[in-house]
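Comments concern the structure below.
The values are calculated or read from the model by the stated rules, or taken from the named source; none is laboratory data. None of the values given here were measured: they were computed from a predicted structure. Here the Cβ positions follow ideal geometry from the backbone for every residue, glycine too, while neighbour counts run over all protein chains shown.
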Amino acid sequence: MTRIHDMGGRFGDGPVPREEDETKTFTADWHGRALALTVAAGALGKWNIDASRHMRECLPPADYASFGYYEKWLAGLANLLVEHGLASADEIAAGRSSGPASDALRARRLDAARVEPALRSGGPSARTSTEDPAFAIGARVRTSRIAANRAQNGGHTRLPAYAAGRVGTIVLCHGAHVFPDSNAHFSGEAPQHLYTVSFAAGDLWHHAESADDEVRLDLWESYLEPA
Amino acid sequence: MPHDHHDQSPHSLLPSEPALRVKALETILVEKGLIDPAALDAIIDLYERDIGPQIGAGLVARAWVDPHFRTALLTDADKVITELGHGGRQGEHVVVVENTPETHNLVVCTLCSCYPWPLLGIPPGWYKSDSYRARAVREPRAVLAEFGVALAAGTSVRVWDSTAEIRYLVLPMRPEGSAHMDEAALAGLVTRDSMIGTGLPLPVGADK
C-alpha cells in the first residue's frame with residue numbers, strides 16, 4: 001500500500017478545477033509567501049528536496065486530502081522545522097521564537113542578494129557513475145511488483161502504484177541520478193541510472209481510452225528487471 | 001507549560017487560517033535569524049515578474065522558425081537552455097518533446113507537482129490539483145476534452161508522468177497560416193497550456 005499522494009489513475013475526482021484568472025502566478029498573497037518561505041528554509045541545507053516531498057506525503061490522509069496545495073507545503077515545512085531542530089513544537093504553537101538559532105545556522109541564511117543566483121543555478125540531480133547502465137534503449141523491462149521503498153517501511157519512492165509490476169520499454173537513458181528512496185531518508189545520494197520507460201495504456205488500464213496511447217515514467221534502475 | 005504538544009504533529013499546532021500559518025512560520029524563522037524577509041519578496045518577485053511562460057514561448061517560437069535550433073532543443077535541451085541562461089531550480093534537467101500529427105504529448109506529475117519552473121514559472125492551480133494528477137494518466141483524452149482540445153483521428157496521446165527530476169516541455173505544432181509571422185509574433189501564439197499539452201497554440205489572428 002502506498003501513501004495518499006500516490007493518486008495516478010484514481011477514480012472519483014471529478015472535473016479538473018480551473019481558476020477564473022489563470023494569469024496570476026499566485027491566487028492569494030499567502031500562496032507566494034508560503035512558496036518563498038519553503039524555498040528559503042530549504043536553502044538552510046538541513047534537508048533535501050526528496051525529504052521535503054516525503055514530509056508532505058506523510059501528512060495524515062485526511063489532512064492531505066483537505067489541504068490546498070500551499071497548505072500542504074506549510075504543514076510539511078512546520079514538520080520539517082521541528083524534525084530537524086530548527087523550531088520546537090512549542091514555538092510552532094506560539095507562533096513566536098523563544099531564542100535565536102546558532103551562529104552557524106544563521107550564517108547559512110539566504111539573503112535577498114543571493115536569491116536570484118541561487119534560483120537560477122538550481123540543484124542538479126545528475127551524478128557521474130562508474131556503473132554501466134543495465135538497460136539500453138529498446139529493452140523490455142518489468143517494474144517492481146510492489147511500489148514501495150525497500151529499505152524503509154512506508155518510506156519515499158517514486159514508482160507509482162499504477163505502474164507497479166507492469167512491462168514497458170526503455171525509451172530514454174538519463175545517466176545516473178540521485179536515488180530519492182535513499183536520499184529522502186538521509187541515507188546518502190546512492191545514485192542509480194535513470195530511464196524513461198514507455199507503457200502501453202492498455203497494459204496499465206483495463207479500460208484504456210485508446211490502445212495506441214502510452215504513458216511514460218522516469219524510473220530508477222532498481223525499480224526495473226529484464227522482462 | 002512547555003513540551004505539552006508531543007502527541008501532536010507540529011503542523012496541527014498552527015493556526016486554522018492559512019495566511020496566519022504563513023505568518024507564524026515566517027515570524028519564528030525571522031526572529032531566529034534564519035529567514036531574510038527581503039529574500040521572500042525577492043523570490044516572489046522573480047516568479048511574478050521575470051520567470052514565466054514567456055520564456056518557454058520564446059523557445060517554441062524560435063524552434064518554429066529555426067530548424068537548427070529546433071533540432072538542438074529536441075536533442076539536448078539542457079545545453080540550449082544553459083547557453084540562453086534559462087536554467088535553474090526545477091529545470092536542471094529538461095527534455096523537450098514534440099507534438100506531431102501522429103503524437104500529442106501531455107505532461108503531469110502524479111506524485112506531486114513537478115514542472116519546469118525556469119521555462120514556465122510556477123505551475124497553475126489545476127496542474128497541482130488531485131483531479132489532474134489522478135486522471136491525466138488514465139483518461140488523458142477526457143481531460144483534454146475538458147480543456148477544449150480535440151485531437152485529430154489517428155493522433156495518439158503520450159503522457160509523461162514526471163516521476164524524477166527530468167522536466168518536460170511540449171513543443172506544440174506551429175499553427176496553420178502562420179508562415180508570414182516572425183518569431184516575436186509567433187511567441188504571442190504560444191500559450192502556457194500548449195507547452196504542458198492541455199492546450200494548443202492560439203490560432204493566427206487571436207494573439208494574446
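Data for the structure
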| quantity | calculated |
| --- | --- |
| 2 or more residues surrounded by 17 or more Cβ atoms within 10 Å (Cβ to Cβ) and either at pLDDT below 95 or within 7 Å of chain B (Cβ to nearest Cβ) (or both): qualifying helices (runs of 4 or more DSSP H) within the range A:59-108 | A:69-83, A:89-94 |
| The range A:156-179, residues that are more than 8 Å from chain B (Cβ to nearest Cβ) and not small (Gly, Ala, Ser) | A:156, A:157, A:166, A:167, A:169, A:170, A:171, A:173, A:179 |
| Filter result for residue A:120 (at the interface with chain B (Cβ under 10 Å from one of its Cβ atoms), assigned to a helix (DSSP H, G or I) and either more than 30 Å from residue B:45 (Cβ to Cβ) or under 22 Å from the mean Cα position of the chain (by Cα) (or both)) | yes |
| Cβ pairs under 9 Å, 6+ apart, first in the range A:136-152 and part of a loop (DSSP other than H, G, I, E, B), second hydroxyl-bearing (Ser, Thr, Tyr) and at pLDDT below 95 | A:147/A:2; A:148/A:2 |
| Filter result for residue A:114 (under 22 Å from residue A:225 (Cα atoms) and not in a loop (DSSP other than H, G, I, E, B)) | no |
| Scope the range B:58-106; condition of a type in the set (D, E, K, R) and either modelled with pLDDT of 95 or more or in contact with a Ser or Thr (Cβ under 6 Å, 6 or more places away or on another chain) (or both); matching residues | B:62, B:66, B:70, B:76, B:78, B:79, B:83, B:98, B:102 |
| Residues (of a type outside the set (Val, Ile, Thr) and closer than 14 Å to residue B:45 by Cα) located in the range A:88-116 | A:112, A:113, A:114, A:116 |
| Of the criteria (1) in contact with a Cys (Cβ under 8 Å, 6 or more places away or on another chain); (2) of a type outside the set (Gly, Ala, Ser); (3) within 23 Å of residue A:19 (Cα to Cα), which one residue B:163 fails | (3) |
| Residue check for residue B:85: under 25 Å from residue A:36 (Cβ atoms), at the interface with another protein chain (Cβ under 8 Å from one of its Cβ atoms), surrounded by fewer than 19 Cβ atoms within 10 Å (Cβ to Cβ) and of a type outside the set (S, T, N, Q) | yes |
| Residue within the range A:17-31 that is surrounded by fewer than 16 Cβ atoms within 10 Å (Cβ to Cβ), more than 8 Å from chain B (Cβ to nearest Cβ) and among the polar types (S, T, N, Q) present | yes |
| Residue satisfying all of: in the range B:153-189; part of a strand (DSSP E or B) and among the charged types (D, E, K, R); farthest from residue B:103 (Cα to Cα) among these | B:167 |
| Flag for residue B:150 being in the same structural domain as residue B:165 (by TED's automatic domain parsing), assigned to a helix (DSSP H, G or I) and surrounded by fewer than 23 Cβ atoms within 10 Å (Cβ to Cβ) | no |
| Looking only at the range A:169-227, and only at residues there that are among the small types (Gly, Ala, Ser) and in a strand (DSSP E or B), the one that is surrounded by the fewest Cβ atoms within 10 Å (Cβ to Cβ) | A:175 |
| Residue count for the range A:32-46, restricted to those that are in contact (Cβ under 8 Å) with a residue 40 or more places away in the chain, more than 8 Å from chain B (Cβ to nearest Cβ) and either of a type in the set (S, T, N, Q) or surrounded by 17 or more Cβ atoms within 10 Å (Cβ to Cβ) (or both) | 2 |
| Close pairs from the range A:85-104: first outside the structural domain of residue A:44 (by TED's automatic domain parsing), partner surrounded by 18 or more Cβ atoms within 10 Å (Cβ to Cβ), Cβ under 9 Å, at least 6 apart | none |
